[in-house]
1. Just to check your reading of the model, which residue among Tyr67, Tyr119 is within 16 Å of the ligand (Cβ to nearest atom), buried (at least 20 other Cβ atoms within 10 Å of the Cβ), within 26 Å of Ser179 (Cα to Cα) and touching a residue at least 40 places away in the same chain (Cβ under 8 Å)?
2. Those residues that are out of contact with any helix residue (DSSP H, G or I) (no Cβ under 6 Å at 6 or more places or on another chain), part of a loop (DSSP other than H, G, I, E, B) and within 11 Å of the ligand (Cβ to nearest atom), I need them from segment 85-116; list them, please.
3. Mind checking whether some residue in segment 288-301 is over 25 Å from Thr215 (Cα atoms), surrounded by 19 or more Cβ atoms within 10 Å (Cβ to Cβ) and in contact (Cβ under 8 Å) with a residue 24 or more places away in the chain?
4. Select from segment 132-148 the residues that are in contact with a helix residue (DSSP H, G or I) (Cβ under 7 Å, 6 or more places away or on another chain), within 11 Å of Glu182 (Cβ to Cβ) and surrounded by fewer than 22 Cβ atoms within 10 Å (Cβ to Cβ) and list them in ascending order.
5. Given segment 320-371, what strands (runs of 3 or more DSSP E) lie entirely inside it while holding 1 or more residues that are closer than 18 Å to Val383 by Cα, in contact (Cβ under 8 Å) with a residue 40 or more places away in the chain and among the small types (Gly, Ala, Ser)?
6. What's the number of the condition Met380 fails, among (1) surrounded by fewer than 24 Cβ atoms within 10 Å (Cβ to Cβ); (2) part of a helix (DSSP H, G or I); (3) in contact with a helix residue (DSSP H, G or I) (Cβ under 7 Å, 6 or more places away or on another chain)?
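Please treat every number below as a calculation from the coordinates, not as lab data. Keep in mind the model is a prediction, meaning the values are calculated, not measured. With ideal geometry, Cβ positions are generated from the backbone for all residues, glycine too; neighbour counts draw on all protein chains shown.
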Amino acid sequence: MTTTSILGASETELRRDRTSVKWLAYPSDVLPLWVAEMDCDPCPAVADAVASAVSRGDTGYGWAPLYAAEVARYAGATWGWDVDPSAMLVVTDVMIGASEVLRMLTDERGAVVVSPPVYDSFFGFVDAIGRRRVDAPLGADGRLDPEALRTAFREATAGGGRVGYLLCNPQNPTGVTHSPDELATLAALAREFGVRVVADEIHAPLVHDGGPAFTPYLTVPGAEDAFAVFSPSKGWNLAGLKSAVVVAGPQARAELARLPEVHTHGSSHLGEIAHVAAMRDGLDWHARLRTELTANRDLVGRLLAQHLPDIRWTAPEATYLGWLDCRALDLGDDPATAFRERGRVALGSGPRYGAQAGRGFVRLNFATSPAILEEAVRRMATVVG
Ligand SMILES: Cc1ncc(COP(=O)(O)O)c(C=O)c1O
């Protein structure tokens, strides 16, 4: 079936020809709505640029200044964020960039503070750099909680070590687009306790139209000593084509220079080519994609109301991820197990995003066709009914 929709129109369009983790981790009768990959057709500008590079044999090392300049141009045009490419270091990907900055900013007596529920790899990377983790859970509304931040910053800094805070802006999995006021409150608290903020902004291109705009953390007053890490990889579904930038705030430029230049070597030349094409020539495609994602988000709301009214959720302001509160369903701490084993739908397991904060939750990836969403929710309902 031919379709003009980017995310596909029918269930028969399951992307079983793909070999990424989304498609291979579970048996083929399980609908995969878990990991943050999209079932979208490729952005033509990106596919052309990568195919052309491969066919020309343009498969050597990348030239980082080109990539940094394109990110700066995109950030200015998209968010009005005036950022100098010389304040950037091109790195392998967002998590390597964020964790290397945190390694530099913190020490073994210090800690890294995170706000669960949050992207599960935050926990793994804090462990990987050998730092203690302190949690400042989000509030019940899925948003930053100033009191929890204050308590966590106090505890993390009590031993006198150097402390970082890893912000998820927008937040995976709650889909919250942090407001300028919330970010300014965070910046003030971080200054008060001497905590250094690193903002992971990978989901920034995925803010839904009609909701609050994305605020780059480094544009917030008080955040001048922070770092941000960005890649268009999530927005254009290019996780397998890796590259990203670390951006230093004006008061962090000297520290940026201390990050070893060799980190740039991890960035893939084909990744840079893909990302540059996305940010330069893939904007119309991206606008259409976001329209489809917003329609899917609204469809999920209707389907849940109809088939699973006891699940509570707040439609996300950003991301293609729904954070579903299943605590009323009596499916235990990790309802994803029942949905997968009995309903044959793979969802993100809530406790992975925070042992306490994710208990009784699942994360549903709605970047797929409306037909697959309908089938998935119908299957989920059979587990409950
Ligand atoms: C918040 C967040 N940061 C980082 C990543 C991974 O990015 P990368 O592959 O560039 O490390 C993800 C992937 O889903 C994510 O949700």
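1. Only one candidate qualifies: Tyr119.
2. Result: Asp93, single match.
3. Let us first name the residues in segment 288-301 that are over 25 Å from Thr215 (Cα atoms), namely 299-301.
Of the ones still in play, those that are also surrounded by 19 or more Cβ atoms within 10 Å (Cβ to Cβ) are 300.
Pick out the ones that are also in contact (Cβ under 8 Å) with a residue 24 or more places away in the chain and you get 300.
Yes, segment 288-301 has at least one match.
4. Within segment 132-148, Arg143, Pro146 qualify.
5. Because the criterion is at least 1 residues that are closer than 18 Å to Val383 by Cα, in contact (Cβ under 8 Å) with a residue 40 or more places away in the chain and among the small types (Gly, Ala, Ser), the strands (runs of 3 or more DSSP E) in segment 320-371 that meet it are 345-349.
6. Here Met380 clears every test but (1).
So that you can scan it fast, the table gives a plain yes or no per residue for (1) among the aliphatic types (A, V, I, L, M); (2) within 16 Å of the ligand (Cβ to nearest atom); (3) out of contact with any Asp or Glu (no Cβ under 7 Å at 6 or more places or on another chain):
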| site | (1), (2), (3) |
| --- | --- |
| Leu7 | yes, no, no |
| Leu14 | yes, no, yes |
| Arg18 | no, no, yes |
| Val21 | yes, yes, yes |
| Ala51 | yes, no, yes |
| Thr59 | no, no, yes |
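Conditions (1) surrounded by 12 or more Cβ atoms within 10 Å (Cβ to Cβ); (2) among the aliphatic types (A, V, I, L, M); (3) in contact with a strand residue (DSSP E or B) (Cβ under 7 Å, 6 or more places away or on another chain), marked per residue:
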| residue | (1), (2), (3) |
| --- | --- |
| Ile6 | yes, yes, no |
| Arg16 | no, no, no |
| Ala51 | no, yes, no |
| Tyr61 | no, no, no |
| Tyr74 | yes, no, no |
